[in-house]
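Structure first, commentary second.
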Amino acid sequence: MRSPGPLRRRNRRRQPHSTRRRRREAIPVSATTRSRTPDRLCAEAVDLARAAAEEAAAPGVVGEHTGLVSEGDRVVTHFFECKELGYRGWRWAVTVARASRAKLVTVDEAVLLPGPDALLAPEWVPWSERLRPGDLGPGDLLPTDQDDLRLEPGYTAEEQPPPNSLVSEEMRELAEAEDADVTPGAPATQPTTPTRGSIAAVAEELGMRRARVLSRYGLHTAADRWEDAFGPKTPMAQAAPASCMSCGFLTPIGGSLGQAFGVCANEFSPADGRVVSLSYGCGGHSEAAVMPKPPQPAAPVIDETRVDPFPLRPAPDSGSVPETGDEETAELGHS
């Protein structure tokens with residue numbers, strides 16, 4: 001009869017070895033690990049993938065099987081041609097998978113994806129970057145940013161001068177004498193009728209009540225656009241006989257831009273009603289080709305262009321003796 005002691009020691013030696021084996025078998029496989037070789041059962045499940053694609057789309061829309069790709073261990077995606085109108089180059093992608101040691105293949109998902117040569121919509125661009133000159137139609141509103149570089153304050157919103165100003169006391173006395181009130185807030189937030197004595201009231205009286213005006217940057221960008229559209233470097237200006245500076249159809253404009261631009265008022269010019277550079281020109285220049293007036297002939301002494309009617313016989317009532325009939329002359333014996 002064997003002693004139980006060695007058996008217990010023998011069992012203690014085997015226990016760590018069996019525990020290590022179970023731990024090695026329990027190491028999980030990463031879900032992101034992909035197998036280069038597609039799973040055979042998943043690759044053969046073309047009919048199952050087609051049925052899933054037709055269920056997601058419609059019969060007749062799913063075309064031929066175009067290929068497959070391995071997404072991982074026992075996970076394969078089948079691609080089918082899409083015959084839907086407007087989806088050129090798109091394809092139905094159906095992903096199938098099976099569990100470990102299982103022979104049953106199931107459908108994971110079915111989606112419509114663009115292929116390498118698919119017809120795609122252009123990349124979305126915000127409306128502020130997509131807007132182009134001429135897109136603004138009747139009734140459309142185009143808001144401007146508060147910090148638009150093309151605009152600058154037309155006048156400050158401060159109703160009172162700084163404390164170190166020399167006119168601070170005078171302004172205070174004037175406000176008290178005129179019984180004026182100071183309206184708080186920016187000019188854009190003030191009422192339609194500004195309070196008497198405020199800067200907004202003075203600006204409105206002078207015709208300057210605009211919250212913002214063009215900045216130097218805004219003037220330069222506008223001048224660059226007008227110069228590119230109707231400037232001296234355009235083909236029309238290069239072939240023009242003279243510049244707009246000497247054209248009678250040029251209407252001058254005010255402000256600093258009037259030193260370099262004007263408005264064309266020639267209805268036959270391609271720039272009619274447009275702001276043009278003074279160096280621009282076209283074939284409709286007022287002094288380019290002055291047509292001479294046609295000579296006016298003198299009045300003729302004898303008008304040979306008219307025909308005067310002359311009667312071949314005198315009129316019956318043209319004489320001094322009235323015409324008599326045959327009955328009156330018969331009584332006198334005249335025949």
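The values are calculated or read from the model by the stated rules, or taken from the named source; none is laboratory data. This structure is a prediction, so every number in the text was calculated from the model and none was measured. Here the Cβ positions follow ideal geometry from the backbone for every residue, glycine too, while neighbour counts run over all protein chains shown. Quick note on the areas: whole protein, heavy atoms, side chains included, nothing else; ligands and nucleic acids left out. Shrake-Rupley method; radii C 1.70, N 1.55, O 1.52, S 1.80 Å.
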Which ones in the range 59-83 are touching a Phe, Trp or Tyr at 6+ places or on another chain (Cβ under 9 Å) and hydroxyl-bearing (Ser, Thr, Tyr)?
-> 66
Is the range 65-82 home to any residue that is in contact with a Gly (Cβ under 7 Å, 6 or more places away or on another chain), outside any strand (DSSP E or B) and either over 24 Å from residue 40 (Cβ atoms) or open to solvent by 80 Å² or more (accessible area, probe 1.4 Å) (or both)?
-> no
Of the candidates 68, 104, the one satisfying the condition of being at pLDDT 90 or above and within 14 Å of residue 38 (Cα to Cα) is 68
Consider only pairs whose beta carbons are under 7 Å apart and that are at least six residues apart or on different chains; among these, list those whose first residue lies in the range 117-132 and is within 25 Å of residue 89 (Cβ to Cβ) and whose second residue is hydrophobic (A, V, I, L, M, F, W, C).
-> 118/90
Across the range 210-242, what is the total count of residues that are open to solvent by less than 60 Å² (accessible area, probe 1.4 Å), touching a residue at least 40 places away in the same chain (Cβ under 8 Å) and more than 20 Å from residue 132 (Cβ to Cβ)?
-> 7
Just need a number here: residues in the range 246-296 that are of a type in the set (Asp, Glu) and modelled with pLDDT of 90 or more.
-> 1
Pull up the range 243-258, narrow it to residues that are surrounded by fewer than 15 Cβ atoms within 10 Å (Cβ to Cβ) and in contact (Cβ under 8 Å) with a residue 12 or more places away in the chain, then point me to the one that is farthest from residue 287 (Cα to Cα).
-> 256
List every residue pair whose Cβ atoms lie under 9 Å apart, where the two residues are 6 or more positions apart in sequence or sit on different chains, the first residue falls within the range 84-102 and is at positive phi, and the second residue, located anywhere, is of a type in the set (S, T, N, Q).
-> none
